[in-house]
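The values are calculated or read from the model by the stated rules, or taken from the named source; none is laboratory data. None of these values were measured; they are calculated from a predicted model. Every residue, glycine as well, gets a Cβ built from its backbone with ideal geometry; the counts of neighbours run over all protein chains shown. Keep in mind that these areas ignore ligands, DNA and RNA; they rest on the heavy atoms of the full protein, side chains included. Shrake-Rupley method; radii C 1.70, N 1.55, O 1.52, S 1.80 Å.
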Amino acid sequence: IPRDPDPRSPNMAHIVVYVEHANGSARGASAQAIGAALSTGHSVIAVVSGEGAEQAAATLGKHGATKAVALVGAAKHSPDALAKDIAAVVKDNGAKGFLAAATATGKDVAPRVAALLDCTIFSDVTGLTAQGDAFSVVRPWLAGKTIATLSSSAPVFCATTRLNVFAAVDAGKTC
């Protein structure tokens, strides 16, 4: 019987996932991004921002997040400020990966986070695997005519997940 890894273990690797929310709960695409992160066997630290972030953060355990961080206080949305805050969460938690859903907001924020972390960004991934701290992705190229399997030696793996490809998880927990 497989056991859930203990997120408190110093050897446990983390993936930070930026979660978009509405009305106090995660949007479907973000829940799928959490599912993609969980499929690697790593623990998930979910990051939410904006109005209602604290309410949304409290619900993210049911999607499998072991920790949720609510970024509050900004009077106005700024992708640059948000990316800076997310990059700080990644660094502060020693995360090995960063994911966001390939939505308009995710595609705006994720490359900024990757740039702040001095890492490569993989866009619109349709497959994600990990062996230890090494990640590989599958993504389409040339309008889907070619499917590529790619990896990176960057210190933090950064990617956006294609919508409706990864399964969302219902773990039934709270953060």
Test: residue in segment 77-87 that is assigned to a helix (DSSP H, G or I), touching a residue at least 60 places away in the same chain (Cβ under 8 Å), under 17 Å from His14 (Cα atoms) and under 13 Å from the mean Cα position of the chain (by Cα): yes
Scope segment 67-85; condition closer than 22 Å to Phe135 by Cβ and open to solvent by 40 Å² or more (accessible area, probe 1.4 Å); matching residues: Lys67
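For every residue, the table says whether it meets (1) assigned to a loop (DSSP other than H, G, I, E, B); (2) closer than 16 Å to Val48 by Cα; (3) modelled with pLDDT under 95.
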residue: Phe98; (1), (2), (3): no, yes, no
residue: Asp108; (1), (2), (3): no, yes, no
residue: Pro111; (1), (2), (3): no, no, no
residue: Ala115; (1), (2), (3): no, no, no
residue: Ala143; (1), (2), (3): no, no, yes
residue: Val169; (1), (2), (3): yes, no, yes
residue: Gly172; (1), (2), (3): yes, no, yes
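Here is a yes/no grid of residues against (1) among the small types (Gly, Ala, Ser); (2) open to solvent by 20 Å² or more (accessible area, probe 1.4 Å); (3) at negative phi; (4) without any contact (Cβ under 8 Å) to a residue 12 or more places away in the chain:
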residue: Asn93; (1), (2), (3), (4): no, yes, yes, no
residue: Ala100; (1), (2), (3), (4): yes, no, yes, no
residue: Thr103; (1), (2), (3), (4): no, yes, yes, no
residue: Lys107; (1), (2), (3), (4): no, yes, yes, no
residue: Ala110; (1), (2), (3), (4): yes, no, yes, no
residue: Val113; (1), (2), (3), (4): no, no, yes, no
residue: Ile121; (1), (2), (3), (4): no, yes, yes, no
residue: Thr126; (1), (2), (3), (4): no, yes, yes, no
residue: Asp133; (1), (2), (3), (4): no, yes, yes, no
Filter result (surrounded by fewer than 18 Cβ atoms within 10 Å (Cβ to Cβ) and free of Cβ contacts under 8 Å to residues at least 40 places away in the same chain) within segment 33-66: Gly50, Glu51, Gly52, Glu54, Gln55
Test result for Ser39, out of contact with any helix residue (DSSP H, G or I) (no Cβ under 8 Å at 6 or more places or on another chain), under 30 Å from Ala143 (Cβ atoms) and small (Gly, Ala, Ser): yes
Residues located in segment 54-76, provided they are in a strand (DSSP E or B) and not basic (Lys, Arg): Ala68, Val69, Ala70, Leu71
